[in-house]
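In what follows, a single structure is set out as structure tokens and then discussed.
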Amino acid sequence: MRKALRWLLALTVFIGTLSTAGAATAAQSEPDIKDRLLAIPGMSLVQEKPYPGYRYFVLNYTQPVDHRHPSAGTFQQRITVLHKDTSRPTVFYTGGYNVSTTPSRREPTQIVDGNQVSLEYRFFTPSRPAPADWSKLDIWQAASDQHRVYRALKPVYSANWLATGGSKGGMTATYFERFYPRDMDGVIAYVAPNDVVDKEDSAYDRFFAGVGSKECRDRLNAVQREALVRREPLEERYARYAADSGYTFDTIGSLDKAYEAVVLDYVWGFWQYSLLEDCDTIPADAATATDDAIWDSVDTVSGFSAYTDQGLERYTPYYYQAGTQLGAPTIHFPYIEKKLIRYGYQPPRNFVPRSIPMRFQPDAMRDVDTWVRRHARHMLFVYGENDPWGSERFRVGRGARDSYVFTAPGMNHGANVAGLVADQRALATARILEWAGVAPAAVQADPSAARPLARHDAKLDVRDVEREPALRP
């Protein structure tokens, strides 16, 4: 009997040893994530950066200039991968502009504790074809960029995928879903403008008539008006500032046009990036404020470099799209005498070099808006109560399924799920977890129990809105 027991024990140990050895061999044989990424045709490594708990890669991916004619030329599009685990869900992020090469984690990535793929929008340097055929910069081509990246990475990251982005990135995520609705398992679009009819912008005027408090609005309006009253001395200062900095004004046409554009952005820029409590930083009595105080306030909010050639160059792709498909807002200034305003809100055409042809396509945004209202599925739109860009927003209709539009009280262009009221925050978090396929049983039974799966990381989790010059979403 004892011999039999000893034999069984020895056999168990032997089998356990074989099992452990087999597992170790399998782990050793599984390719490293960098090797798997670089095995994708067209993928090349720019840089790997360390971050605790992750692998972070900056990559280039070969894309067709024209997805309708792939043989007509290619360009290198920059992407980044924040890798956690191939078994975790993946969040596909774009800001609609340049991609940051510093490791960061967007809110949905923290909520689902997943991987993050971030994409640089086509035609933002260095992801720009050479020579640049600007007719190939449109929302379908950009969505097709995302589709190809997704198809390339899906075999590596086989779990659920979510698309997200803020502002122009939220628009981009929405357009991606419209053109490729079978790719993503859910979409979280933050503060995404929706300019369906470009020439109808009265919603913005209504917003500025009631946002915040009357005291704050009066302060802002007075500073903006005073900057136009003092146009001559402040433009002299602007000329010295431009000369000292090497700034020029060929694209917009003149320093005078640039000055007025900066000043007219002032009120919009404040509400886009600031909170009601920040009104204390605005001169209380503009009429008696010094020139320095007026200049500093406008420069802090709007930025006097914004409409110089050097300030506009980086954003040429955005202004091109605003003038060809996205549309751009126009607002009025009833508290400023007409004689003080020479140009008004200038069209995107004024901010793009004349060598680049532009033609507006009025049906592009109408098509997307109709699709979202009728066909949205697993889509969440988050807006800020005090963000002017939310004046014209996406809405879901009867045909939508499991889709939501929420507004974060008191928040600006940095609105997020964390800023929603408690019941909406819990519901939004629960739906994101469910779409990602990682909702715990407790959350499935009670959505109010939903919480982000990953702990907050002060360096990795970017919560502030990416600051851009005013009037760029």
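Read-outs: derived from the displayed coordinates by stated rules, not from any lab. The model shown is predicted, which means the values in this text are computed figures rather than measured ones. Methodologically, a virtual Cβ is constructed for each residue, glycine included, from the backbone with ideal geometry; neighbour enumeration extends over all protein chains shown.
Observations, loosely collected:
- Mean Cβ neighbour count within 10 Å, used as a protection proxy, ranking 192-199, 164-171, 316-323, 62-69 highest first: 164-171, 316-323, 192-199, 62-69
- Proximal charge balance of Asp32 [Cβ under 14 Å; K/R count +1, D/E count -1]: -1
- Candidate lysines - alpha carbon under 18 Å from Lys338, same-chain residues fewer than 8 apart omitted: Lys257
- Where both bridge residues fall in the chain, DSSP classifies roughly 50% of the beta bridges as antiparallel.
- Every helix of 4 or more DSSP H residues in the chain counts as -39500 (n - 2.57), and over all residues that averages to -11500 deg cm²/dmol at 222 nm.
- Computed E for Arg68/Ser245 - FRET, C-beta separation, R0 41 angstrom, nearest 0.05: 0.45
- 18 Å Cα-Cα threshold exceeded, pairs from Lys49/Lys168; Lys84/Lys154; Lys34/Lys154; Lys136/Lys199; Lys168/Lys214: Lys49/Lys168; Lys136/Lys199; Lys168/Lys214
- Principal-axis tilt of helix 214-229 within the chain, Cα atoms, nearest 10 degrees: 60 degrees
- Other residues within the sphere of radius under 10 Å centred on the Cβ of Glu260, judged by their own Cβ, net out at 0 (K and R +1, D and E -1).
- Linear extension gain, Arg401 paired with Ala287, 0.36 nm per residue minus alpha-carbon span: 35.7 nm
- Residue-count net charge about Glu177 - beta-carbon cut-off 12 Å; Lys, Arg +1, Asp, Glu -1: +1
- Relative contact order %, the chain, counting alpha carbon pairs below 8 Å whose residues are six or more apart: 17 percent
- Gain on full stretching of the segment that runs from Glu200 to Asp218 - 0.36 nm per residue minus C-alpha separation: 3.9 nm
- Angle between the chain longest axis and helix 363-375 axis [Cα atoms, degrees, rounded to 10]: 50 degrees
- Using alpha-carbon coordinates, inclination of helix 291-301 to the longest axis of the chain, degrees: 30 degrees
- Residues within the reach of a label modelled at Thr86 (point 7 angstrom out along Cα to beta-carbon, backbone nitrogen below 17 Å), restricted to segment 150-183, are 150-161.
- Seen from every direction in turn and averaged, the convex hull around the alpha carbons of segment 202-316 projects onto 7.5 nm².
- With only Cα atoms counted, segment 89-202 has Rg and Dmax values of 14.3, 47 Å.
- Computed with the Debye formula from one identical point scatterer per Cα of the chain, without solvent, the log10 of I(q)/I(0) at q = 0.07, 0.10, 0.14 Å⁻¹ comes to -0.41, -0.79, -1.40.
- You can think of it this way: the chain between Lys34 and His332 has 102.0 nm of extra reach, that is 0.36 nm per residue less the Cα-Cα gap.
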